Amino acid sequence: MRKALIINSLDNVANALSDINEGTLIEVETINGVKKIIVKNFIPFGHKFSVNLIKKGGDVIKYGEKIGKAIEDIQEGFHVHIHNVNSERGRGDLVLQ
Amino acid sequence: MEVKLEFLGYPRKNSSIGIRNYVAVIPTVNCVNYLAVKIAVKTKGVIPLTHLGNCSYMGKDKEMLIRFLIGLGSNPNIGGVLVVGAGCEIVSAEEIASKIAITGKPTTFLVLNKCRNINNLIEQGIRITQGMYTEISKIKKEKIDLSHLSVGVKCGGSDTTSGLSSNPVTGKIVDKIVSFGGTAIVSEPAELIGAEQVVSERAIDCEVKDEIYRIILDKEKSMLKMGVDIRNCEPTPGNIQGGLTTIEEKSLGAVAKSGNSPIKGVLKWGEEPSGKGLFLMDGSCHSGVVHPGFASAGTQISIFSIGGGIPRMLPMFPASSSSFQILPIIKLTGNPKNLNNNVNKDYIDVSVSSIISGKENIEEASERVFKFFLQIISGEKFTISEIFTNYLEPMPLYSVGPIV
């Protein structure tokens with residue numbers, strides 16, 4: 001069974017298809033062929049990890065589309081979720097500021 | 001194996017086709033929901049379509065309430081209608097009944113302030129609906145082709161598996177029904193924020209494309225205008241636990257449930273499409289509001305693609321989906337955790353978690369689900385939402401305000 005999946009070749013995140021322990025070596029299909037990534041955090045089933053460095057302010061890409069901006073540099077193999085990604089849409093709170 | 005492309009349905013006088021055959025008791029206002037329940041409970045095949053519509057509605061909301069009541073009564077799954085009114089509300093029971101009667105089905109109305117007392121109204125209602133059910137139970141089912149089918153699709157409790165498995169499978173069913181000449185409706189415009197560039201590409205013309213953008217961006221504009229942060233609501237805490245990080249990610253997964261068919265038009269909430277094909281309906285993302293909107297638009301069935309982002313123990317979950325007796329709701333999941341024990345088998349109609357485990361691809365799973373779907377629409381099998389009907393909640397309506 002596949003442990004992780006990249007949906008679109010443009011994506012910079014992979015989706016865990018099972019719980020993945022910290023330190024696990026994962027092979028994922030990328031646009032440049034199979035890439036080996038050491039997962040740096042525990043990644044729960046259904047959560048994401050980066051497949052390359054995503055710079056602070058850079059787009060997080062899934063389905064080949066932008067799903068948000070990185071709040072900080074996200075190194076390869078790290079958990080990508082609400083702690084380091086922000087939505088840019090429906091942000092009335094930002095309008096008020 | 002060859003899939004049969006016909007189903008058994010109940011022909012109606014206006015050439016629509018029911019996949020179920022009920023008499024509906026429809027209150028004009030929530031104040032008389034009690035009467036609808038008291039009448040319907042006495043007879044098999046008679047269902048109360050209770051709702052939260054009330055006299056605080058004005059303008060577009062009032063139009064919506066009227067459209068909704070007429071739409072429910074006109075739904076092909078309903079063979080006869082009793083409208084029950086109070087006599088003091090903003091819509092007239094007589095007017096609603098007369099509009100439903102255009103479909104040719106037996107329709108009548110009772111108004112509380114024209115009756116001697118409550119018991120008198122309930123007794124009359126029971127007598128009328130028993131007569132109607134006796135009459136419609138004589139309707140013989142016929143073999144019908146899929147062009148007469150209209151299906152609503154919705155996702156809920158979304159997680160990463162939704163976008164990878166249950167939504168794409170739902171999309172394949174939509175594409176099949178549309179390719180056979182049928183109709184499909186998708187809604188939840190706010191859960192297309194971040195996916196408008198994808199979904200609008202499928203509009204049949206520029207006008208429809210503009211309309212798609214309009215209903216999605218109107219949702220976002222209202223958040224900006226009110227100064228509210230979508231992150232407190234979308235994605236939900238359950239979605240986030242399931243791995244979804246932003247509304248953009250949720251939307252890009254949600255759009256898969258509408259398949260790849262061209263989008264013919266944009267509908268108001270509860271509005272019946274003017275033709276066949278795939279339509280996008282304005283409204284809420286709340287399943288409590290979405291399924292009734294579909295029913296009012298004439299769908300005979302819903303497919304509800306469910307992720308692991310919700311508790312997996314209640315048959316009527318989410319949003320009391322067993323309360324919408326007018327429609328069978330097929331609950332489909334791709335999350336293997338939804339099926340880990342026997343309790344969860346009572347909650348899910350069909351699983352495509354085989355996609356996540358790599359045992360089936362989307363195409364194979366879609367064929368299997370489609371066979372199950374045909375059995376449900378022919379009445380060979382029933383959905384969990386139709387079986388667990390001992391707990392009913394009135395249906396909420398969409399609202400654009402102002403509310404008083």
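Here is how the numbers come out for the structure above:
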item: Subset of segment B:73-95 that is crowded, with 24+ Cβ neighbours inside 10 Å and hydrophobic (A, V, I, L, M, F, W, C) - its residue that is farthest from B:Leu8 (Cα to Cα); result: B:Ala93
item: Filter result for B:Phe304 (under 18 Å from B:Asn239 (Cβ atoms), in contact (Cβ under 8 Å) with a residue 24 or more places away in the chain and in a strand (DSSP E or B)); result: yes
item: Failed item, numbered, when B:Glu89 is tested on (1) over 25 Å from B:Met281 (Cα atoms); (2) in contact with a strand residue (DSSP E or B) (Cβ under 8 Å, 6 or more places away or on another chain); result: (2)
item: Lone qualifier among B:Gly163, B:Gly181, B:Gly194 - being part of a loop (DSSP other than H, G, I, E, B) and surrounded by 24 or more Cβ atoms within 10 Å (Cβ to Cβ); result: B:Gly194
item: Test: A:Lys48 is within 14 Å of chain B (Cβ to nearest Cβ) and closer than 29 Å to B:Glu360 by Cα; result: yes
item: Residue in segment A:26-34 that is out of contact with any Lys or Arg (no Cβ under 9 Å at 6 or more places or on another chain) and either within 13 Å of another protein chain (Cβ to nearest Cβ) or at pLDDT 95 or above (or both) present; result: no
item: Helices (runs of 4 or more DSSP H) contained in segment B:204-280 and holding at least 1 residues crowded, with 18+ Cβ neighbours inside 10 Å, away from chain A (no Cβ under 14 Å) and among the hydrophobic types (A, V, I, L, M, F, W, C); result: B:206-226
item: Within segment B:320-337, considering residues that are out of contact with any strand residue (DSSP E or B) (no Cβ under 7 Å at 6 or more places or on another chain) and within 14 Å of another protein chain (Cβ to nearest Cβ), the one modelled with the lowest pLDDT; result: B:Lys337
item: Residue that is surrounded by the most Cβ atoms within 10 Å (Cβ to Cβ), among those in segment B:120-140 that are over 16 Å from B:Ile47 (Cα atoms) and among the hydrophobic types (A, V, I, L, M, F, W, C); result: B:Leu121
item: Enumeration of residues in segment B:229-254 that are more than 17 Å from A:Ile43 (Cβ to Cβ) and hydroxyl-bearing (Ser, Thr, Tyr); result: B:Thr236, B:Thr246, B:Ser251
item: Residue check for A:Gly77: more than 12 Å from chain B (Cβ to nearest Cβ), under 9 Å from the mean Cα position of the chain (by Cα) and not in a strand (DSSP E or B); result: yes
item: Conditions (1) in a strand (DSSP E or B); (2) in contact (Cβ under 8 Å) with a residue 60 or more places away in the chain: number failed by B:Pro76; result: (1)
item: Residue under evaluation A:Asn86, criteria (1) surrounded by 15 or more Cβ atoms within 10 Å (Cβ to Cβ); (2) farther than 17 Å from B:Arg231 by Cβ, criterion not met; result: (2)
item: Which listed residue, of A:Asn41, A:Asn15, A:Asn21, is within 14 Å of chain B (Cβ to nearest Cβ), farther than 21 Å from B:Leu252 by Cα and not β-branched (Val, Ile, Thr); result: A:Asn41
item: Total residues in segment A:57-74, condition surrounded by 14 or more Cβ atoms within 10 Å (Cβ to Cβ), within 11 Å of chain B (Cβ to nearest Cβ) and farther than 9 Å from A:Asn86 by Cα; result: 7
item: Pair list, Cβ < 8 Å and 6+ apart or interchain, from segment B:100-112 residues that are over 21 Å from B:Ser15 (Cα atoms) to residues that are charged (D, E, K, R); result: B:Phe109/B:Glu94; B:Val111/B:Glu94
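The values are calculated or read from the model by the stated rules, or taken from the named source; none is laboratory data. None of these values were measured; they are calculated from a predicted model. Here Cβ is always computed from backbone atoms with ideal geometry, including for glycine, and neighbour counts include all displayed protein chains.
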